[in-house]
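Written below as structure tokens is the structure these notes are about.
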Amino acid sequence: MIVACALFMENMDSTVIATCLPTIARDLQEDPIALKLALTSYLLSLAVFIPISGWMADRFGARTVFRAAIGVFMGGSVCCALSASLEGFVAARFLQGMGGAMMVPVGRLVVLRSTSKAELVQAMAYLTMPALLGPVIGPPLGGFIATYFHWRWIFFINIPISILGLYMAGRHIENLREDVPRPLDWSGFLLSALGLSALMLGLATAGRHLVSLPVSLASMAAGAALMVIYVWQARAKAYPLLSLDLLRIETFRAGVVGGFFFRIGIGAIPFLLPLFLQLGFGLNSFESGLLTCASAAGALSMKTIAAKILQRFGFRRVLIVNTALASVSLLLIGAFTAHTPHALIMVVLLVGGCFRSLQFTSLNALSYADVETAQMSQATSLASVVQQLAAGMGVTVGAFALQGAMSLQGHQATQAADFPPAFAVVALVSLTALLWLTRLPASAGAVLSGHRHADN
């Protein structure tokens, strides 16, 4: 519950930002699409600093790192509230991400280390259920504040939650640490940090936001080169920052790599959907938030039965069928029009949220099915980095698809007709996860799901 408190705060903050992007863009006098930088900078910060979260917990203790991370996240929230420009807002979101990078993975690591394999699926569901309240409460709350007050007050919501988290962690979390922590791969950290930053910065600014197109392309090339160097040097190290050898584990590879492509498609929703409802249909932030929270409500309800579905059908069958259903739900969102009844929109978002929630629970659990306890810290770091990169790529791919649709249709300003092609593109990206998931054996993850007919 303590870790879920941190997840609640982070998830609520992210959904609040997504709902209020058009409002924030108007106040900062920026193109709404340019606000993708506020989303990607946060996710980039997570990807950069998550790899050292496990080492810091082993070195300084889980409670110390967890509480420090909450403090940094709270400080970043205050900076967001005081931002007066796009550059300042992006920098403040990056600071928030530094806190989130330590807060959530360290908390998840505590749960993983204290849970048996047989109880892992149920434990992960319990862990995320309170956290899913954030996306339920966040959109309507953020929309209400942005519509009837001012968007800056949104970030002050994190202060009382942070104070509560600091108190609970200090009182109840043991300061677990390793007696002899593994050495930190400093060169690997620098290479991955610079490489990921340059690559994501280039992708996020390719729409001529903040920097010119040649600078964006140069940043992408430099980032890709640094990541290639990292992969080359990591293979020769006994304690690499991110252990790529874990990808040899079949279930981990399917959950992480297959999950990466699925999450790219799903990661575009927080960016595209609020813009679709507000710029395309003319809804205000509050009305948009009331509709989009249906997706999170569906995700929350699915958590209660995910373990039973996996026990009945097994990981492989659930992941394959559910990938197709979740991708179709993206196409249905793109089919909305200004005349679509709001009740029908909520039903589609609710059902789609169920599919996505089941997929995330299944992928998260499957990834650790065959990972040894001694490798759990490394596995958590690698999986978390890939998840955040996928979410950042989802925003970037969604923005590219939206801009491409605008260009093809000759629109200078974003219109409702630009969104269906964008949702079709991200749905196809999500569907490519099947290339990895279909290779799983029927018995994959049977020790977790308890699926008795795994060999059939």
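Nothing in this text is a laboratory measurement; each read-out follows from the coordinates by a stated rule. This structure is a prediction, so every number in the text was calculated from the model and none was measured. Neighbour counts run over all protein chains shown; Cβ positions are idealised from the backbone, glycine included.
Which aspartates and glutamates, if any, have their Cα less than 17 Å from the Cα of Lys36, not counting same-chain residues under 8 positions apart? Partners found: Asp13, Asp27, Glu87, Asp418.
Each residue in Met200, Met74, Met346 was given a count of other beta-carbon atoms within 10 angstrom of its own, and listing them fewest first yields Met346, Met74, Met200. In the chain, helices alone account for a calculated mean residue ellipticity at 222 nm of -23500 deg cm²/dmol, with every DSSP H run of four or more residues adding -39,500 (n - 2.57). Centroid-to-centroid, using Cα positions, the range 34-55 and the range 189-239 are 13 Å apart. Residue by residue, the range 255-269 carries 3J(HN,Hα) couplings of x, 8, 6, x, x, 4, 6, 5, 5, 4, x, 6, x, 7, 4 Hz when phi is fed to the Karplus relation 6.51 cos²θ - 1.76 cosθ + 1.60 (θ = phi - 60°); x denotes Gly or Pro. Scanning residues 5 or more positions from Ala433 or on other chains, those with amide H under 5 Å from its amide H are Phe262, with H placed 1.01 Å from N in the peptide plane. For Lys308, a cut-off of 19 angstrom between C-alpha atoms picks up these aspartates and glutamates, skipping any fewer than 8 places away in its own chain: Glu119, Asp455. What fraction, in whole percent, of alpha-carbon pairs in the range 271-414 exceed 18 Å separation? Counting every Cα pair in the range 271-414, those more than 18 Å apart make up 66 percent.
Ordering Thr396, Thr147, Thr380 by the number of other Cβ atoms within 10 Å of each residue's own Cβ, fewest first, gives Thr147, Thr380, Thr396.
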